[in-house]
Amino acid sequence: MKDFKQHALLPTPQHDEQARQDFVGALRGHLSGRVMPGNYQLFERRVAPLFAAEHGRAPADEQEIREWMTREPYYQFWSALQRRSQELLWESVIDPTEREWSKLIHRARSKAGAKASARTNARKRGSLRLDAALTVPRYHAAADIHLQPGGYHTDFTADDVAAGAIYDKGINLYMGGALGAENDLMGNTLLAYLRERHPSRQPKRILDLGCAIGNSTVVWAKAFPKAEVHGIDVGAPVLRYAHARAESLGARIHFSQQNAERTDFCDHSFDLVTSHIMLHETSKSALLRILAECRRLLKPGGLMLHLEIPRGRTPIEQFMHNWESYNNNETFSRYMTRIDLTAEARGAGFTAEEVALEEFVPTMDVTQMNYTERFVWNILVAAKHGVGG
Amino acid sequence: MTDPTQPPPEFPKGHRPQVFSDPAIDQLYDGYVILGTELAVAFDRIDTLERLLQERLGMSRAEIDAYKPNEVVEAERQARRADLAQRLLRPFREFRDDRITRGSRRR
Ligand SMILES: C[S@@+](CC[C@H](N)C(=O)[O-])C[C@H]1O[C@@H](n2cnc3c(N)ncnc32)[C@H](O)[C@@H]1O
């Protein structure tokens, strides 16, 4: 956490606010590294034998494990502390954001605003297009995902950017700093995958879905400086923040407030469509529509890349991952455990030859994984038939 | 510059899980973690102060022990204690919000 980059749009924590964030980080590191693994031991040494004694077999799925594990005091202890640490995380980030709220809005306006010099630089700058009439999908409006009060989408005042500032520092703490100085681990991972498996690709038009604060989008804009890069999200405050942040980092990105299920871009308009940890925060029907929309947007020969968090290979791993679904308002993620992403992509119109689900080991050191000690990323890839790309 | 008037909601919208059979146990666990957090904050602050005092002023611990707060200082301390109580009792407000006054999410 020490090397997190303090840029102009982040509030500067005061002494006690900093101490609170630091402790939340230490607590979560301890829970993840020292307490969480005990759940796997508890399962192997106590719950699995008890289950076998009663049923004469191993638990068939994570639901059967759930019934037994949630009655165990050790699991209860971890679960209660994990939930509290998540609420403390947001509380510790919200305090300084609230204190510097007006200042942050002001800074975002001036970073994003058209200054006198901007006209000459217009071609070097990105843009922001908001849509006040857009309906926030139910899967975001119904519950605040991973407990961030107000979620990605709530404006508490005019030109609000608070949700962006809160998310930026929040995910840094969530992963114990593993996302890097600019929260760019996910973008870098997907870019590393592209460079390794599709080294000759030089996309000219790139679209990043569910971009939030543009932390991953910036990686693509920097990697392909000649490309026209777009980022969309349903949340207005995160997009205002994303735009100001990208401008201050010198990345040219065009942000727009749109639902990835149905965008206003033309057919065949992108060489590369990406998303980073977005799919598990949608819904079953939305997932299908988003994949179909990706196919519509891709040029012949274009590439679709979705980076996702795998939901475990064994029932106990799945049960641990799904803690987030039952306790952290990641409502859809437990359905993701059972979904075959390649089958969904085929259902959305891709052919079997076009799609693949790949496992990709992170190039960076992921120290704090919260629910598992073994970590790989899942990447849903589809190369649309045709020449180009 | 607009001055934001509406604070964000104190609690996230959505399901609040109950881990233990008695909700009082959940609240005690939560209070225990929050207390630990505030203790960590206090330790950091004391550490900062003592280092600065020694570095900049060469002040001794005896002087700290002999210190008596005046009215202004006392008022600040009361505000700090109230803030601690507010943080520490959050689990009980969450319980009230969830089970008794659902929907009135403002502080
Ligand atoms: C976990 S965040 C990921 C943010 C960012 N991509 C990153 O790498 O950290 C998921 C984002 O997807 C957005 N999102 C979810 N469903 C969407 C949809 N149907 N259309 C556009 N954005 C969506 C959310 O608003 C949220 O900002």
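The values are calculated or read from the model by the stated rules, or taken from the named source; none is laboratory data. Note that the structure is a prediction, hence the values are computed from the model and not measured. Backbone-built Cβ (ideal geometry, glycine too); neighbour counts: all protein chains shown.
When the stretch B:44-75 is filtered for residues that are within 14 Å of chain A (Cβ to nearest Cβ), surrounded by 11 or more Cβ atoms within 10 Å (Cβ to Cβ) and out of contact with any Phe, Trp or Tyr (no Cβ under 9 Å at 6 or more places or on another chain), the ones remaining, listed by number, are B:Arg45, B:Ile46, B:Asp47, B:Thr48, B:Leu49, B:Glu50, B:Leu52. Pick from A:Tyr335, A:Tyr326: which is closer than 18 Å to A:Ser79 by Cα and surrounded by fewer than 21 Cβ atoms within 10 Å (Cβ to Cβ)? Matching residue, one of A:Tyr335, A:Tyr326: A:Tyr326.
Listed by position, the helices (runs of 4 or more DSSP H) inside the stretch A:1-59 whose residues that are in contact with a Ser or Thr (Cβ under 7 Å, 6 or more places away or on another chain), under 30 Å from A:Glu98 (Cα atoms) and away from every other protein chain (no Cβ under 14 Å) number at least 1 form an empty set. Condition check: part of a loop (DSSP other than H, G, I, E, B) and within 10 Å of the ligand (Cβ to nearest atom). Does A:Cys266 satisfy that? Answer is no for this residue. Residues that are of a type in the set (Ser, Thr, Tyr) and under 21 Å from A:Leu185 (Cα atoms) were ranked within the stretch A:195-238; the one that is farthest from the ligand (Cβ to nearest atom) is A:Thr217.
Taken across the stretch A:195-207, residues that are surrounded by fewer than 24 Cβ atoms within 10 Å (Cβ to Cβ) and under 25 Å from A:Phe4 (Cα atoms) do not occur at all. Taking every residue in the stretch A:94-113 that is over 14 Å from A:Pro13 (Cβ atoms) and pairing it with any residue that is among the hydroxyl-bearing types (Ser, Thr, Tyr) and part of a helix (DSSP H, G or I), at least 6 positions away or on another chain, the pairs with Cβ-Cβ distances below 8 Å are A:Ala108/A:Tyr241; A:Lys111/A:Ser248.
Exactly one residue among A:Ile213, A:Ile171 is surrounded by 24 or more Cβ atoms within 10 Å (Cβ to Cβ) and within 16 Å of the chain's Cα centre (by Cα), and that residue is A:Ile213. Scanning the stretch B:13-27 for residues that are free of Cβ contacts under 8 Å to residues at least 12 places away in the same chain and closer than 17 Å to B:Gln86 by Cα yields a total of 0. Could you say which residue among B:Phe11, B:Phe92 is out of contact with any Cys (no Cβ under 7 Å at 6 or more places or on another chain) and within 12 Å of another protein chain (Cβ to nearest Cβ)? None of the other options fit; the residue is B:Phe11.
Please tell me if A:Phe77 is surrounded by fewer than 19 Cβ atoms within 10 Å (Cβ to Cβ) and either under 30 Å from A:Leu128 (Cα atoms) or within 14 Å of chain B (Cβ to nearest Cβ) (or both). Criteria met by A:Phe77.
Just checking, does the stretch A:111-126 include any residue being away from chain B (no Cβ under 12 Å) and at pLDDT 95 or above? Yes, that holds for at least one residue. Within the stretch A:161-179, the set of residues being closer than 20 Å to A:Lys111 by Cβ and hydroxyl-bearing (Ser, Thr, Tyr) comprises A:Tyr167 only. For the list (1) modelled with pLDDT under 95; (2) among the charged types (D, E, K, R); (3) out of contact with any helix residue (DSSP H, G or I) (no Cβ under 6 Å at 6 or more places or on another chain), I need the number of the one condition that A:Asp271 fails. Of (1) modelled with pLDDT under 95; (2) among the charged types (D, E, K, R); (3) out of contact with any helix residue (DSSP H, G or I) (no Cβ under 6 Å at 6 or more places or on another chain), only one is false for A:Asp271: (1).
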